[in-house]
Amino acid sequence: MLAWERVCLPKATGGYNITNIQVSYKAATAKTFWDIAHKADKMWIKWIHLYYIKGQNIFEMRIPNQTSWIVKKILGARDDIKQIQRPTVQKKTIIRYIYNQLLGDHPKVEWRRLIYHNRARPKATFTLWLHCHGKLSTTDRLRKWGINVQSLCVLCQVSDESRDHRFGECSFSRGLWSRLLQWLQMQSPLGQAWTNLFTWIMQKTKGRTTTAKIIKMTYTEFLHAIWKERKNRIFKGETRDQESIAREIACVSNIRGTSDIRNQLQKLSF
Ligand SMILES: [Zn+2]
């Protein structure tokens, strides 16, 4: 599973931009300390200066014992503030600035452009995000955790399932992707490893052209469809063929695409 701290990072660094409540609370407290340190023109801040700080250095002074817990908490936030670099330009929302600083610096992930401006359904984008992190469970991973599951791929019933197999070797996945490419009038490599297709996708989704947007959306819906089909076969005993899945992806793409995507897709016949 992905660590919660990772999920809360910005999308550019591989997170899902979910607010980290703990860090958010720290940021809000630190913002109040910031106001006190910068003597914001508020009545209660003047009161804190008058009764507790009394001209001392707010970063060095001893926190008085007789203060209320809330004032102690706010003054205690100076340790967080010390870690934060002062903004070089005026920030509109200082609390957001502090929040991002408290999250820390993390390197950007190369696949971030697949997540940005992706018109696929949110649940499909989430599947893509898990896939990029290598967190879509396969039977080989489940078995490593000691879960007793059938090792055979439920989609083709020929080989054991792994990430390489599911998105590289599996004849069902290959057939579905080929059908989608036939509809889009494109060609892509389909090697034995899932990374071959992924590398092609990364190359073709550079920039903001309509074709790049279509490939990004179709690939995302394709991954999600494979994932969903696998789950339906294992847990519900329901099976769909490649043609009907491909048709659904084409339909979703037409509905969800922006006007430029729809215009381009409507010139193609399924
Ligand atoms: Zn298979």
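For region 20-153, what ratio Rg/Rh do Cα atoms give with a Kirkwood hydrodynamic radius?
Numbers: Rg = 23.2 Å, Rh = 19.1 Å.
My calculation of the ratio gives 1.21.
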Notebook entry, point to check: Relative to the present Cα-Cα distance, how much length would full extension add between Asn196 and Ser159 at 0.36 nm per residue of separation?
Noted result: 11.4 nm
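Around Ile53, under 12 Å between beta carbons, what's the net of Lys plus Arg minus Asp minus Glu among the other residues? Kindly include the intermediate steps, with their values, before the conclusion.
Working: positive: Lys39, Lys46, Lys54, Arg62, Arg78; negative: Glu60.
Summing Lys and Arg as +1 and Asp and Glu as -1 gives +4.
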Note to self: Calculate the FRET efficiency for Ser178 and Asn100 from the Cβ-Cβ distance with a Förster distance of 41 Å, rounded to the nearest 0.05.
What the structure shows: 0.40
Next item on the list: Please report, to two decimal places, log10 I(q)/I(0) for region 161-261 at q = 0.14, 0.21, 0.23 Å⁻¹ as given by the Debye formula with identical point scatterers on the Cα atoms and no solvent.
Entry: -0.53, -1.15, -1.34
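Quick one: order Arg163, Arg86 by neighbouring beta-carbon count within 10 Å, fewest to most. Present the calculation step by step, with values, prior to reporting the outcome.
On the way: Arg163 17, Arg86 6.
Ordered from fewest to most neighbouring Cβ atoms within 10 Å, Arg163, Arg86 come out as Arg86, Arg163.
If you scale each eigenvalue of the Cα gyration tensor by 5 and take the root, what three semi-axes come out for the chain, rounded to whole angstrom and sorted largest first?
Working: eigenvalues 524, 101, 41 Å².
Taking √(5λ) for each Cα gyration eigenvalue gives 51, 22, 14 Å.
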Check: Can you give me the relative contact order of region 7-140 as a percent, contacts being Cα pairs under 8 Å and 6 or more apart?
Finding: 30
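Quick one: putting +1 on the C-beta of Lys and Arg, -1 on the C-beta of Asp and Glu, what dipole do you get for the chain around its Cα centre, in Debye to the nearest 20?
Here the chain has a charge dipole of around 860 debye.
At a threshold of 8 angstrom on Cα-Cα distance, excluding pairs fewer than six apart, so keeping six or more, what relative contact order does the chain reach in percent? Spell out each step's value before the answer.
Details: 273 pairs, mean separation 43.3, N = 270.
Once normalised by length, the contact order is 16 percent.
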Check: Do you know the relative contact order of region 177-268, to the nearest whole percent, from alpha carbon pairs under 8 angstrom that are 6+ apart?
Finding: 29
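Since every read-out is calculated from the coordinates, none of them should be taken as a lab result. All values reported here derive from a predicted model rather than from experimental measurement. Using ideal geometry, Cβ is built from the backbone for each residue, glycine included, and neighbour counts are taken over all protein chains shown.
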